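The values are calculated or read from the model by the stated rules, or taken from the named source; none is laboratory data. Please read all numbers here as calculations on a predicted model, not as lab measurements. Every residue, glycine as well, gets a Cβ built from its backbone with ideal geometry; the counts of neighbours run over all protein chains shown.
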């Protein structure tokens with residue numbers, strides 16, 4: 001009976017790819033031109049990805065990593081003089097993922113990008129858990145809907161992180177490749193190397209490092225060394241400026257204590273002073289988790305929780321991997337076996353990708369507290385389980401079934 005009530009992610013993958021390809025073809029043949037699209041459709045984060053693909057294929061790639069005002073001027077030339085401020089924020093090897101988008105119009109490219117990255121995300125979910133229960137499917141929905149609305153890279157980053165964590169024992173080479181690809185957004189994996197070192201995942205580490213080197217080398221061959229020097233000179237300072245000064249709803253969407261303080265109207269310096277204690281506590285809990293948690297999945301969950309507490313700049317759509325672990329938890333026993341505090345803490349974590357913004361708008365930026373509560377509940381719940389029969393400290397990572 002349980003098998004009939006479960007849904008295999010591969011079924012969803014086939015459906016998503018089919019719909020995405022059909023939508024891409026239909027919009028390419030008969031979709032409205034860019035100038036006729038509603039402002040709400042053009043004013044999306046995806047516009048940066050589509051613009052990068054076009055600039056590169058048109059031979060104007062230097063604009064992407066150069067002075068922000070030149071990049072924005074190029075966007076206004078395409079989207080209109082009244083287009084609101086947009087900026088490029090990724091290292092040069094990120095463009096390697098986006099080049100194919102320049103072959104399509106805006107709407108077809110958006111359909112293709114969201115469809116393919118959603119399919120990759122569902123494949124990663126399947127590698128973590130082979131069947132989706134109704135509860136798991138419901139809890140995954142907020143992240144999926146939120147990223148579809150934002151048209152962001154959340155599906156891709158979640159796919160790479162979730163897939164890598166799920167495969168790091170069974171397929172270390174593939175896991176390392178996925179982690180290497182994730183370096184286009186390095187803040188999401190800040191604590192990942194420590195987890196891999198603790199677990200002695202040397203093959204994963206070596207493959208991730210090799211993948212990163214290859215990506216950087218390809219980007220240098222394709223775009224020149226100037227792309228990297230311009231990235232450091234222009235793009236990184238611009239991102240720091242935006243994190244420290246940008247207003248509106250943006251601070252409400254940053255999930256760290258820094259973002260919560262900015263959401264309440266504090267300046268960057270004061271916000272960072274508030275952030276630091278949360279970061280220290282998050283890192284300390286992560287180290288405690290490495291020592292106490294015998295289960296590889298639990299250690300991965302703890303790393304994801306800690307990373308969002310430690311890193312100052314993480315936006316709602318960056319919470320995909322963490323929300324996925326919360327939605328699918330537990331991976332190795334029945335949900336009814338969880339202690340009540342952990343069961344209650346999983347739901348807020350799973351819905352953070354869509355709850356973060358309205359909470360901030362309501363003056364309740366509670367994300368750091370939600371993460372700390374879930375972290376404490378995870379550590380307490382896992383401590384109830386027998387650890388290797390005697391000791392809570394695993395000498396080596398044990399082989400864990402896929403779910």
Can you tell which of 176, 247 is over 26 Å from residue 55 (Cβ atoms), touching a helix residue (DSSP H, G or I) at 6+ places or on another chain (Cβ under 9 Å) and assigned to a loop (DSSP other than H, G, I, E, B)? 247
If a residue must be part of a helix (DSSP H, G or I), within 17 Å of residue 315 (Cα to Cα) and touching a helix residue (DSSP H, G or I) at 6+ places or on another chain (Cβ under 9 Å), how many such residues does the range 180-194 contain? 6
Determine, yes or no, whether residue 201 is more than 30 Å from residue 291 (Cα to Cα) and at pLDDT 95 or above. no
State which residue is surrounded by the fewest Cβ atoms within 10 Å (Cβ to Cβ) when the search covers only the range 313-369 and only residues that are over 22 Å from the mean Cα position of the chain (by Cα) and part of a loop (DSSP other than H, G, I, E, B). 334
When you scan the range 1-111 for helices (runs of 4 or more DSSP H) that lie fully inside it, which ones turn up with 1 or more residues that are under 30 Å from residue 136 (Cβ atoms)? 2-5, 9-30, 46-57, 95-98
From the options 39, 79, residue that is crowded, with 17+ Cβ neighbours inside 10 Å and either closer than 29 Å to residue 247 by Cβ or in contact with a strand residue (DSSP E or B) (Cβ under 7 Å, 6 or more places away or on another chain) (or both): 79
Can you work out which of the residues in the range 42-67 that are closer than 18 Å to residue 233 by Cα and over 24 Å from the mean Cα position of the chain (by Cα) is surrounded by the most Cβ atoms within 10 Å (Cβ to Cβ)? 61
